Structures are given as structure tokens and as C-alpha cells.
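To start, the structure itself, in C-alpha cells.
Every number in this text was worked out from the coordinates using simple rules, so none of it is lab data. None of the values given here were measured: they were computed from a predicted structure. Glycine gets a Cβ as well: all are built from the backbone with ideal geometry, and neighbour counts include every protein chain shown.
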Amino acid sequence: MRLCVALVLMCGVLWPASDAYRAQIEEWRRQREAALTADGGWLTVTGLFWLHEGANSFGTAASNDIVLPSGPAVKDGVFDLENGKVALRMDGQTRELQLDSSGKPDAITLGSLTLFAIQRSGKYGIRLKDNNSRLRKEFTGLHYFPVNEEYRVRTRLVRDAKKIPILNILGQVEDTPSPGYVEFEIHGQKLRLTPVEEAPNELFFIFRDLTAGKETYGSGRFLTTALGKDGEVDLDFNKAYNPPCAFTPYATCPLPPKENRLALMIEAGELKYGSH
């Protein structure tokens, strides 16, 4: 019996349908949309300004390096970039800013606007969020394939720790830690996906399938799942979701590595935004 269970966990097994499961997916979808449309959510991201070495002025005046939309007046606001460190000078005070690579970036709030310092490989920039953004006001809602339990499989992480190159839409490549890979079957086809690590006991999959560019977002989709006891993984494509780049042009999304390009249609999860 133990051998059978082990084989099921290694190879993947389809889960039966249930009303409780469908309700769980509906709740996940509600939470997904709530996070997207919330204050500070991706629909509020309305600007990305790359910094040059030295002083980068910001404010509402057109003469600034970083021109903000109408909002509170900023007098002599400056972001200083020196040797990979970003400092804010404003209102006669100076302080060094934590970057988003630290996990807890410092936020500068100016009315409905929020600014963060970000790092992408060797580039440093300022991301702008505006709670009054047009993207947020004109949001048309998320749409999905019908819930289908055939796209929920249980498998196990095969440990193979290494770094894999992840390309982003800026053309930058970053070697990113991966704990291994998962193997599973859908529609009788044997498949493999390689996740990257973003948080302890959490796997982040960046993948592309044959629905991309048609029913789903062109560059691919994301899927986040917990890493369970003894490496167990609940791989549920009904929770596949669009990257931030599907909603705002000011995101810096990673693209699927070559090993995560699946030669079949995954007709589950989030559809292309604006297709309905």
C-alpha cells in the first residue's frame, strides 16, 4: 500500500470533482481580484523611472527628471543614486531607502501617490503607484476557464537545487534559485515544470502552454503553490493567473524558462485580460 501511495505522489494523480472544491476556487478568484484592485495593487502601478547615477529630481514640474502626475507640490525632491544605493532628499532631510530586493521597500507617500525604489539586475528605478489611476478606474474584471478538476494534480518535488536563468521583459537575465522540479501527467501526457523559490515553503511556477497568445496572456502565466510535508505539491492550474504585465506596462515580469514551455493546452485558470 505504501508503495502505491508513493507512486501516486511521484507521478501525479487527478483529483475528483466536488462542490466544496469549486467553492474554494471561487473564493480564491474573489481574493485574487480584490488584491488586484486594492489600494497599492497592480492596477495602481502607473509609472517606472530608471535612475541615472547622481541626483534625479522629481515633482510635478515638467523640468524634473521624474515628472509626477498632478498631486501635492514637492519642493526640491531628489533621488540620489550612488554605488547601488538610493537616498531620498526632500523637505530638508535625507535618508537611504530600502530597495524592493530587500523584501520591504520603503514607501514615499504623496497624497494618492506612492513611490518605491526597485532594483532589477544592475538597474535601479522608482516605481510609481497612484490609487486614482485610470487602469484601476477602467478595470473590467477577470475571466476564467470553467473550473476543471482534471487540471489539479498532486505530485512531489524532486530535489535538484540549482540556479536557472530567468529572462524578464527588459531583456535582463538573472540566475534564480530553484529547489528542483515536479513531474505529473495531464490527458495522458507526461510533463515537467521547474519552479523558483520566492518564499520559504512556497513554489513559484512561470509557465507557458499552447493557449498563450490566444485564450491566455501571450508571454505565459504564473502559478504559486505551497511546498508540503515531504515535498508534496498540490499543482492546481485552476489557480493559474496572469502576470502583472497583463494589466500595466510598468511591471518587469519574468518570462517562462525554456523547460516550462508546455506542448499542450492548459484550459484552466485565468484568461487573457480584456478578452470578454
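By how many nm would the segment from Gln98 to Asn131 lengthen if fully extended, with 0.36 nm per residue of separation less the alpha-carbon distance?
Numbers: separation 33, 0.36 × 33 = 11.88 nm, distance 2.20 nm.
My answer for the length gained is 9.7 nm.
For the stretch 184-276, what's the relative contact order in percent, using C-alpha pairs closer than 8 Å and at least 6 residues apart? Spell out each step's value before the answer.
Values: 152 pairs, mean separation 29.8, N = 93.
Over the stretch 184-276, the number comes to 32 percent.
From the Cα gyration tensor of the chain, with a ≥ b ≥ c the square roots of its eigenvalues, which class applies: rounded if a/c is under 1.5, or else prolate if a/b is larger than b/c, or else oblate? Show your work: numbers first, answer last.
Details: a/c = 2.57, a/b = 1.85, b/c = 1.39.
Cα axes put the chain in the prolate bin.
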* Would you mind computing, in nm to one decimal, how far apart the modelled labels at Thr109 and Phe204 are, each placed 7 Å from Cα along Cα→Cβ? => 2.5
* Toward the positive end of the charge dipole of the chain, about the Cα centre and with charges on Cβ (Lys, Arg +1; Asp, Glu -1), which of Pro249, Gly231, Ile186 goes farthest? -> Ile186
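Between Ser57 and Thr225, what is 0.36 nm times their sequence separation minus the Cα-Cα distance? Round to one decimal in nm.
Working: separation 168, 0.36 × 168 = 60.48 nm, distance 4.11 nm.
Between Ser57 and Thr225, full extension yields 56.4 nm more.
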* Using alpha-carbon pairs under 8 Å, 6+ residues apart, how would you state the relative contact order of the chain in percent? -> 19
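Beyond a 31 Å Cα-Cα separation, which of these cross-linked pairs lie in this structure: Lys85/Lys229; Lys104/Lys229; Lys85/Lys214; Lys123/Lys162; Lys137/Lys163? Spell out each step's value before the answer.
On the way: Lys85/Lys229 39 Å; Lys104/Lys229 28 Å; Lys85/Lys214 42 Å; Lys123/Lys162 24 Å; Lys137/Lys163 40 Å.
Table pairs above 31 Å Cα-Cα are Lys85/Lys229; Lys85/Lys214; Lys137/Lys163.
Please check the chain for the longest run free of trypsin sites (Lys or Arg not before Pro) that are loop-located per DSSP (anything but H, G, I, E, B) and have at most 12 other Cβ atoms within 10 Å. Don't skip to the end; give the middle numbers.
Numbers: sites that count: Lys75, Lys214.
In short, 76-213.
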* To do: Once you have the Cα-Cα distance between Arg192 and Asp19, take 0.36 nm times their residue separation minus that, and quote the gain in nm to one decimal.
  => 59.4 nm
